[in-house]
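First up is the structure itself, then whatever we jot down about it.
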Amino acid sequence: MGEGSGRTPSSGRDASWLVSADLVAVGLAFLGQILLARALLPVHYGWMVLAIDLYASVFLIVDLGLPTLLARDGANHPDMVKPAVWRSYRWQALTALPFVAVVLVTQPHRWLHLEAPVTLLVLAGLIALVHVASYAPRSGLRALGEARLEALTKVVERILTVLGYAWLAWQDSTSPTAFTAAFLLGATTGWLLSLYWLVRTAPSTGTGDWSRLGACWTSPALLLTSALPFALTLSILPYVVRIEKFLLASVSGSALAAVFHVAQLAWLAGLVVPAALRSALLPVLGSSRFTARYTHEMNRAYDLCLALLPVGLLGGYLIVAVLAPVAFPSAYFDGTYGVSAVDMFAVLLAGWAFTLLATPTYTSIMAGAQPWRFTQFILLVVVVALAVGYLNIVAWASTDTQRLYGAAVASSVSAGALLVLSWWMSGEAVLVKMRKEDLTLALLGTLALVAGAVTHTWWWALLSTPLLLFIPPGWQAIRPTPS
């Protein structure tokens, strides 16, 4: 039995741990993708990417939304965190068994005309299930104030995965199935390590009075009903960032999807920053949503997001523009498929900025007393993404170049819709108006930098330099929240 560390969640401290670890993991993941792109043919690389993305999306419903509830409510009574994890696992296991059977019958890989080996598909499905299993203990660690341990599990997972890729590349392997198995090894280790640390650090089990975590925990019916909005949302959410890739694959095949994936790599890597901020902020907002501390935490979150904006925009573009063409095969950048992955990434940068700026209000919806509002929010975003993606990739595009650029534009427009809808549906209109000058400067600076990067006219990018003024307040916001 663990005795507990006596730590409590802190938005600034926990965000710094999670963002730092995710950035390290992103760097390792980028190295891993370089190894994959050099070892595998584009079509085989596309198989692996699409299979992992597809089953990650399909199996997320098994999560049931329970880890999100745990992250929101667990900080109030740390001694109930461990039993809440075991309770989550029981319900997830009951859901997984029939759902796996349904997937075996329906074979969703055929929807994307994915001709990958069966073994690769099975491994991709197992990766998805293992990742779902890791969410509950990681949420538990975060609720206990041990985001540092959660962060370490992510880094260890990525290190082992990349080492597996490197060993296979050294062996001159060209098998996408073997590389998928290496991914599974890293994911399984990360899950087991998070479970081990949860057991070691969680306080002794509480009295079994589930009402201490909240009314929704008092019965299975209430628990599942309360978690259902998060479950539905999580099952829909992956499509927001994958719709364009799936549409490209269905229209033009896996090779074109692989090209778009290379353009997305740094953008997807950058999305771990707002995701880490949401992870750190949710327990804090969940425990303070009925107190005066709530507005203070929302303002701290805005300071963090605004400080990270210029770092991500400038640093991300320079890294991709300089290093990506050297690291990846030239076919992804020399126009072989109609457009350079760097130019697509420049368009995607706007979407990253919109997603980052939506983080405080997005998380506010998650932490609110009406979880169905969060589901409605994500559904609206997905509808916009589907409509914009279909128009830009299928209806209006007639060449591969137009489809690839259309996919990048659709992605950023969808992120813009996410930002505006989060302002509208969060009920935080007063706070958004209070920060309107900062948000206006952030949006104008972002669009100036993206315009300069897309058109290769650098005087546009110079107009984004006022964004650097946001960095000092952001450093202040990293300091731990007073207990």
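Taking label points 7 Å from Cα along the Cα-to-Cβ direction, Ser20 and Val394 give a separation of 4.6 nm. Relative contact order for segment 167-299: 7 percent, from Cα pairs under 8 Å spaced at least 6 residues apart, divided by residue count. Computed over the chain, the per-residue total of -39500 (n - 2.57) for DSSP H runs of n ≥ 4 gives a 222 nm mean residue ellipticity of -25500 deg cm²/dmol, rounded to 500.
At an R0 of 25 angstrom, the distance between the Cβ atoms of Leu386 and Val118 translates into a FRET efficiency of 0.25.
Counting beta carbons within 10 Å around each of Cys305, Cys216 and listing the fewest first gives the order Cys216, Cys305. Scaled to the globular estimate 2.2 N^0.38 Å, the Cα spread of the chain, given as radius of gyration, is 0.94. For Lys245, the lysines whose Cα comes closer than 27 Å to its Cα, not counting residues fewer than 8 places off in the same chain, are Lys154.
Projected label points at His296 and Arg90, each 7 Å from Cα along the beta carbon direction, are separated by 3.9 nanometres.
Divide the volume of the convex hull around the Cα atoms of segment 233-340 by the residue count and you get 112 Å³ per residue. Altogether, the Stokes-Einstein calculation at 10 °C and 1.306 mPa s, with the Kirkwood radius of segment 16-158 over Cα pairs as Rh, returns a diffusion coefficient of 95 µm²/s.
Any chance you could run the full-extension gain for Trp372 through Thr401? It's 0.36 nm times the residue separation minus the Cα-Cα distance, nm to one decimal.
6.5 nm
Let's test the formula: R0 of 56 Å, r as the Cβ-Cβ distance of Val100 and Ser204. What FRET efficiency results, to the nearest 0.05? Efficiency, from the Cβ-Cβ distance: 0.95. Extending 7 Å from the Cα toward the beta-carbon at both Asp79 and Gln171 defines two label points whose distance is 5.0 nm.
According to the Cα gyration tensor, what semi-axes, each the square root of 5 times an eigenvalue, does the equivalent ellipsoid of segment 237-476 have, listed from largest to smallest in whole Å?
Whole-Å semi-axes of the equivalent ellipsoid: 31, 21, 14.
Counting only Cα atoms, the size of segment 252-303 along its three principal axes is 52, 18, 14 Å, in decreasing order.
Just so you know, all these numbers are worked out from the coordinates, no wet-lab data involved. Since the structure is predicted, the reported quantities are computational estimates derived from the model, not experimental observations. Positions of Cβ are generated from backbone atoms using ideal geometry, with glycine treated the same way; all protein chains shown enter the neighbour counts.
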